[in-house]
Structures are given as C-alpha cells and as structure tokens.
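The values are calculated or read from the model by the stated rules, or taken from the named source; none is laboratory data. Just so you know, these numbers come straight off a predicted model, no measurement behind them. Reconstructed Cβ throughout: ideal geometry from the backbone, glycine too, with neighbour counts over all protein chains shown.
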Ligand SMILES: Nc1ncnc2c1ncn2[C@@H]1O[C@H](COP(=O)(O)OP(=O)(O)OP(=O)(O)O)[C@@H](O)[C@H]1O
Ligand SMILES: [Mg+2]
C-alpha cells in the first residue's frame, strides 16, 4: 500500500459552542470542550454518545464543514484556521468523504449521476469516462451493478444508503466520516453496510470514523470512543 498517500487529522483543544442569539441570556453551552483527537491514516473507530451530545458537531469539525469556536483542526500538518474557504473546500473534496445522517441523494438524478456529483468539485476534474468507470466498479462491488440508472425513489433504503457510500468514495478520500450511516436500515442491511465500510478501510487504507448510538454497530467497527461532556473517552 506504499503508493497510497498517508493522511492524518488532528483536533487540538477544540471547543464548540453556539451563541444563544439573545445578548445577556444564559451563557452558551459548550457542546465540545477542549477536545483532543488524532486520527492516523488507515485508523478505524466508532464514536458513541447520547442524542444531542455533539457527535455530528464533532464530525463536521473533523470534516472541515464547520469551524471550531476555539482550538485547531490540523489536516496533514496544516492548520486549517489559516486557510481560505476555497483552500479548505479543496482539501475537503480531495481528502474527505462523508456519509450523512440523512443520505441527501438528489431525487431527480440517477444513482450514477448522484455518485459523480463530488467529482465536479475537484480542482482537477477527472475525465468523465474514467470517473464513470470507477463509479461502475464501486456499484458492482456493493452489489448494485444493475441499478446505476435508477433514481433514488426506485431504490430501497439499504440500496440508497449504499449509493451514498459510493458517492462518499468516488474521489478516493483518505478519511471517511459516517454519521449514523445505518440509522434508517434494518439489522441485516446495517450489518452489511458496516462490513462494507470495514472492508474498504482494510483494502483501501482509508481512515474510518463511524458515529452511531448503537453499541452493537460500534462494536463491529472496532474500537469505541465515547463522547461525554464535550470530550472523547476511550
Ligand atoms: N446550528 C446550531 N445552533 C445551535 N445549537 C445547535 C446547532 N447545531 C447543533 N446544536 C446543538 O448542539 C448539540 C449537539 O448537536 P449534534 O447534532 O452534534 O448532536 P448529536 O450527538 O449528533 O445528536 P444525534 O445523536 O441526535 O444526531 C445539540 O444540543 C443541538 O441542539
Ligand atoms: Mg447527529
């Protein structure tokens, strides 16, 4: 795997709070509170914690979709707070894949078109034929080789979630952030999806973080870290 570029993400003393909106009212609650985390290339773990504890907030910071109120987000040794929006967006499209709590597929586009959307954000757009070929291989790999041209409405929940997984992988990210990826799936489909993510972590060496409130799912990812009072334990 020597040809795969290594990548790491580090949170240093990261806090996040939201202003309450009204001046002089109760102080803003710290959702994250001086949190430190290093995610090494190829690593894999789950994050658990009750609803509202800040799991999605944490993933959004790791994925540069949001900025911390305090502290640093460092990607491959670069402090992102010194970068412009465009530079951050570029790092994000090249290095990070997301599977969101809701899959957010575009209903009017086919599965294949949905998967190709992230390639449009790359500074050096791949040849569409090459991107399509990679997409087709990924569809085959997740057992959807015959459903490329269906719209999301013509797919089952499990199939839609697999399309969202392929979309997150199309730009060959080095870090995959999955926020409750199995939330809408039955037990069998949930198990299969996690197996697929773990297999990708093994075979492609991409770091994988799965947020879930389900301890069984977390256990099948591997190590479990708990978000508690704004910090990660375990
Ligand atoms: N834009 C916002 N403005 C104000 N408060 C917010 C905002 N986004 C999130 N919060 C609050 O921050 C806290 C953490 O939210 P977050 O979405 O990270 O929780 P979570 O752990 O992902 O929960 P769940 O398991 O339900 O998805 C919640 O109390 C939420 O209400
Ligand atoms: Mg959440």
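State which residue pairs qualify: first residue within 13 Å of residue 177 (Cα to Cα) and inside the range 28-45, second residue assigned to a strand (DSSP E or B) and within 16 Å of ligand 2 (Cβ to nearest atom) in any location, beta carbons under 6 Å apart, and separation of 6 or more residues or different chains.
Going by the 6 Å Cβ cut-off, the qualifying pairs are 45/225.
So the check is Cβ under 7 Å with 6+ separation or different chains; which pairs have a first residue in the range 46-60 that's on the phi > 0 side of the Ramachandran plot and touching a residue at least 24 places away in the same chain (Cβ under 8 Å) and a second one that's more than 8 Å from ligand 2 (Cβ to nearest atom) and not in a loop (DSSP other than H, G, I, E, B)?
Close Cβ pairs (under 7 Å, with a partner that is more than 8 Å from ligand 2 (Cβ to nearest atom) and not in a loop (DSSP other than H, G, I, E, B)) amount to 49/226; 49/227; 49/228; 54/31; 54/32; 54/227.
State the number of residues belonging to the range 13-31 that are away from ligand 1 (no atom under 12 Å from the Cβ) and either crowded, with 16+ Cβ neighbours inside 10 Å or not in a loop (DSSP other than H, G, I, E, B) (or both). Don't jump to the end; show me each part of the working.
Filtering the range 13-31 down to residues away from ligand 1 (no atom under 12 Å from the Cβ) leaves 13-15, 22-27.
Within this subset, residues satisfying the condition of being either crowded, with 16+ Cβ neighbours inside 10 Å or not in a loop (DSSP other than H, G, I, E, B) (or both) are 13-15.
Looking only at that region, the number is 3.
Condition first: within 18 Å of residue 202 (Cβ to Cβ) and within 16 Å of ligand 2 (Cβ to nearest atom). Now tell me which residues in the range 150-191 satisfy that.
177, 178, 181
Grab the helices (runs of 4 or more DSSP H) fully contained in the range 32-123, keeping just those with 3 or more residues being within 23 Å of residue 195 (Cβ to Cβ), more than 16 Å from ligand 2 (Cβ to nearest atom) and modelled with pLDDT of 95 or more.
Working: elements: 55-62, 85-95, 111-116.
Result: 111-116.
May I ask you to list the residues in the range 198-218 that are closer than 17 Å to residue 95 by Cα, in contact with a strand residue (DSSP E or B) (Cβ under 8 Å, 6 or more places away or on another chain) and either in contact (Cβ under 8 Å) with a residue 60 or more places away in the chain or within 16 Å of ligand 2 (Cβ to nearest atom) (or both)?
201, 206, 207, 208, 209, 210
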